[in-house]
Structure formats: structure tokens, C-alpha cells
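Student: Here it is: the structure, laid out below.
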Amino acid sequence: MMDTPIENIETLMSNAGEYLENKSELFKMKLIDKTSEAVSSIAEKLIMFFIGAVFFVLLTIGLALLIGYWLGHNFYGFFIMAAIYGIVGLIIHMSRNKLLKTPIANGLIHKFLN
């Protein structure tokens, strides 16, 4: 038996409604997946940064004390290490777009688009 045109339209509307519901649910799931992936990646990087920072601080103190020992006064070592970090900071600041902004932006874009 053939369906009437009204029944066909009702079926089509029902299917379209289900499709839109499924599409919005899929969008929510993809958004949750990408967001959780980005947050976990940022958390991992922050933890690794903290561990690296502690390592660097302790290494710097050790090197400053060693240089100061060699030169006869501990504060000489700390001044020399401060000068080294000042120069490195200036170099990083001058090339911050190439070293920091672009890689971070590209990484975030890559995380959300893939």
C-alpha cells in the first residue's frame, strides 16, 4: 500500500528532526573532545615547564656558586649568571614572534583542526 504525500512529508520531517538532533549531539561531542585534549595538553606542558624551571633554577644557583668560588666571591658568580640570562632574555625578546608566538599559535590551531 502506498503512503500518502502527507505521510511522506511527516516521515521526512521526523527524519530531518532526528538528523538535526544527531548533528548537534555530534558537534557537542567533538567540541568536548577537542577542548579536553587541549586542556590536558596545556596541563602537561605546564607541569613539564614547572619541573624544567625548578631544574634550571637549581642549576643556575649551582653554576653561580661554582663561578663565584673560582673568582673568590660568590656574588661575582650570581652577577655573571644574571648577565648571561639578561643577554639570553634580550635575544628571545627580539625574536619572540619566530620563537614563541608563531609556534604556539600553530600548535593551538593544529590541536583544534585535527
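Student: Report, by residue number, each residue of the range 72-114 that is hydroxyl-bearing (S, T, Y) and in contact (Cβ under 8 Å) with a residue 24 or more places away in the chain.
Tutor: Across the range 72-114, the qualifying residue is only Y85.
Student: Just name the residue that is modelled with the lowest pLDDT out of those in the range 7-45 that are closer than 15 Å to L108 by Cα and among the hydrophobic types (A, V, I, L, M, F, W, C).
Tutor: Taking the candidates together, the pick is A38.
Student: Looking at the range 77-107, which of its residues are closer than 29 Å to V39 by Cα and touching a helix residue (DSSP H, G or I) at 6+ places or on another chain (Cβ under 7 Å)?
Tutor: I92, L99
Student: Of all the residues that make up the range 50-69, how many are of a type in the set (A, V, I, L, M, F, W, C) and either outside any helix (DSSP H, G or I) or surrounded by 11 or more Cβ atoms within 10 Å (Cβ to Cβ) (or both)?
Tutor: Here the count works out to 8.
Student: Return yes or no: is E37 assigned to a helix (DSSP H, G or I), out of contact with any Lys or Arg (no Cβ under 8 Å at 6 or more places or on another chain) and surrounded by 10 or more Cβ atoms within 10 Å (Cβ to Cβ)?
Tutor: The answer is no for E37.
Student: Does at least one position in the range 45-62 carry a residue that is without any contact (Cβ under 8 Å) to a residue 60 or more places away in the chain, small (G, A, S) and either over 30 Å from F75 (Cβ atoms) or touching a Phe, Trp or Tyr at 6+ places or on another chain (Cβ under 6 Å) (or both)?
Tutor: So far as the range 45-62 goes, no, none of its residues is without any contact (Cβ under 8 Å) to a residue 60 or more places away in the chain, small (G, A, S) and either over 30 Å from F75 (Cβ atoms) or touching a Phe, Trp or Tyr at 6+ places or on another chain (Cβ under 6 Å) (or both).
Student: Could you list, in sequence order, the residues of the range 20-71 that are over 18 Å from the mean Cα position of the chain (by Cα) and farther than 30 Å from A83 by Cβ?
Tutor: Within the range 20-71, L20, E21, N22, K23, S24, E25, L26, F27, K28, M29, K30 meet the criteria.
The values are calculated or read from the model by the stated rules, or taken from the named source; none is laboratory data. Because the structure is predicted, anything quoted here is derived from the model rather than measured. Note that we place each Cβ from the backbone using ideal geometry, even for glycine, and neighbour counts take in every protein chain shown.
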